[in-house]
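Here's the structure we're looking at; comments come further down.
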């Protein structure tokens with residue numbers, strides 16, 4: 001039976017890489033609290049002279065992620081660059097150099113909570129409360145933990161009837177928050193497509209955001225590893241950008257692997273799941289350990 005290379009910590013591959021593109025939710029923290037090894041691992045990476053870039057599908061500006069990390073007790077000087085899908089959407093809305101974004105109007109309906117409003121910084125957009133007056137929709141995902149795709153069905157159906165283009169600021173379908181699976185903007189976007197709507201995504205697994213991450217790190221691509229917990233975004237995105245990947249099995253796929261954060265997954269079982277998803281990483285790790 002085929003299996004995956006299993007490592008207990010990043011120190012085992014430290015000689016192979018000069019920089020790491022790191023996921024946040026499911027690797028560094030659970031959306032509310034850092035995982036136990038995170039601070040020490042950041043310190044070890046820094047001591048080893050490794051560059052880091054935090055890459056998240058959070059539908060908020062990069063500075064909002066930094067503020068959230070600081071509130072969690074992870075100081076800004078622990079890590080290097082920060083890039084988010086929300087940052088990418090913000091820049092696309094400002095630059096309008098992509099044909100899809102260029103065709104969008106100036107009146108936007110925000111499908112999401114007010115805490116995500118930083119995505120509209122400096123865009124000059126008018127945020128409207130009525131879909132009937134909107135030219136397009138920006139989807140940043142559900143506002144409450146208990147909400148599901150069905151919660152937003154009336155809004156999605158109404159937008160689809162008007163054939164409003166949608167910008168999805170977080171391609172994730174679900175993330176784990178405090179051990180609970182939480183629906184994300186990607187799930188709403190998938191339903192919108194099923195209703196006949198048109199969606200533009202920014203963030204993982206789009207290789208463009210990885211190319212930008214590599215540029216920000218200033219390192220050769222072959223000396224960079226992507227570390228994250230989601231096969232559909234982290235591993236798929238790394239492969240699409242021709243980067244090597246290390247899959248954290250203690251995140252979103254932990255239940256499917258009958259494991260938990262910090263507990264080594266069975267390499268053969270991990271290979272079977274990754275193979276079934278068509279996204280095979282270069283190695284597996286049980287959590288964000290050095």
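The values are calculated or read from the model by the stated rules, or taken from the named source; none is laboratory data. Model, not experiment: these values are computed from the prediction. So basically every Cβ, Gly included, is an ideal-geometry build from the backbone, and we count neighbours across all protein chains shown.
Do you know which residues across segment 1-41 are part of a helix (DSSP H, G or I) and either out of contact with any helix residue (DSSP H, G or I) (no Cβ under 8 Å at 6 or more places or on another chain) or within 21 Å of residue 221 (Cα to Cα) (or both)? Matches in segment 1-41: 10, 11, 12, 13, 14, 15, 16, 38, 40.
The condition of being part of a strand (DSSP E or B), touching a strand residue (DSSP E or B) at 6+ places or on another chain (Cβ under 8 Å) and farther than 21 Å from residue 200 by Cα does not hold for residue 138.
Going by what's in this entry, would residue 259 be described as assigned to a loop (DSSP other than H, G, I, E, B), at pLDDT 95 or above, assigned by TED's automatic domain parsing to the domain that holds residue 22 and crowded, with 18+ Cβ neighbours inside 10 Å? So residue 259 passes the test. Does at least one position in segment 180-188 carry a residue that is surrounded by 23 or more Cβ atoms within 10 Å (Cβ to Cβ), closer than 24 Å to residue 98 by Cα, touching a helix residue (DSSP H, G or I) at 6+ places or on another chain (Cβ under 7 Å) and modelled with pLDDT under 95? Scanning segment 180-188 turns up no residue that is surrounded by 23 or more Cβ atoms within 10 Å (Cβ to Cβ), closer than 24 Å to residue 98 by Cα, touching a helix residue (DSSP H, G or I) at 6+ places or on another chain (Cβ under 7 Å) and modelled with pLDDT under 95.
If you go through segment 128-135 one residue at a time, do you hit one that is farther than 23 Å from residue 204 by Cα and part of a strand (DSSP E or B)? Yes, some residue in segment 128-135 is farther than 23 Å from residue 204 by Cα and part of a strand (DSSP E or B). Of the residues in segment 267-287, not one is under 18 Å from residue 52 (Cβ atoms), out of contact with any strand residue (DSSP E or B) (no Cβ under 6 Å at 6 or more places or on another chain) and surrounded by fewer than 17 Cβ atoms within 10 Å (Cβ to Cβ).
Residues in segment 190-218 that are farther than 26 Å from residue 158 by Cα, assigned to a helix (DSSP H, G or I) and either modelled with pLDDT of 95 or more or touching a strand residue (DSSP E or B) at 6+ places or on another chain (Cβ under 9 Å) (or both): 209, 210, 212, 213, 214, 216, 217.
Has segment 214-234 got any residue that is crowded, with 24+ Cβ neighbours inside 10 Å and more than 20 Å from the chain's Cα centre (by Cα)? No; the residues of segment 214-234 include none that is crowded, with 24+ Cβ neighbours inside 10 Å and more than 20 Å from the chain's Cα centre (by Cα).
Listed conditions (1) in contact (Cβ under 8 Å) with a residue 40 or more places away in the chain; (2) crowded, with 22+ Cβ neighbours inside 10 Å are all met by residue 168, apart from (1). Taken over segment 84-109, the criterion of being surrounded by fewer than 21 Cβ atoms within 10 Å (Cβ to Cβ), outside any loop (DSSP other than H, G, I, E, B) and either in contact (Cβ under 8 Å) with a residue 40 or more places away in the chain or at positive phi (or both) is satisfied by 92, 100, 101.
Within segment 110-127, how many residues turn out to be outside any strand (DSSP E or B) and surrounded by 12 or more Cβ atoms within 10 Å (Cβ to Cβ)? The number of residues fulfilling the criteria is 11.
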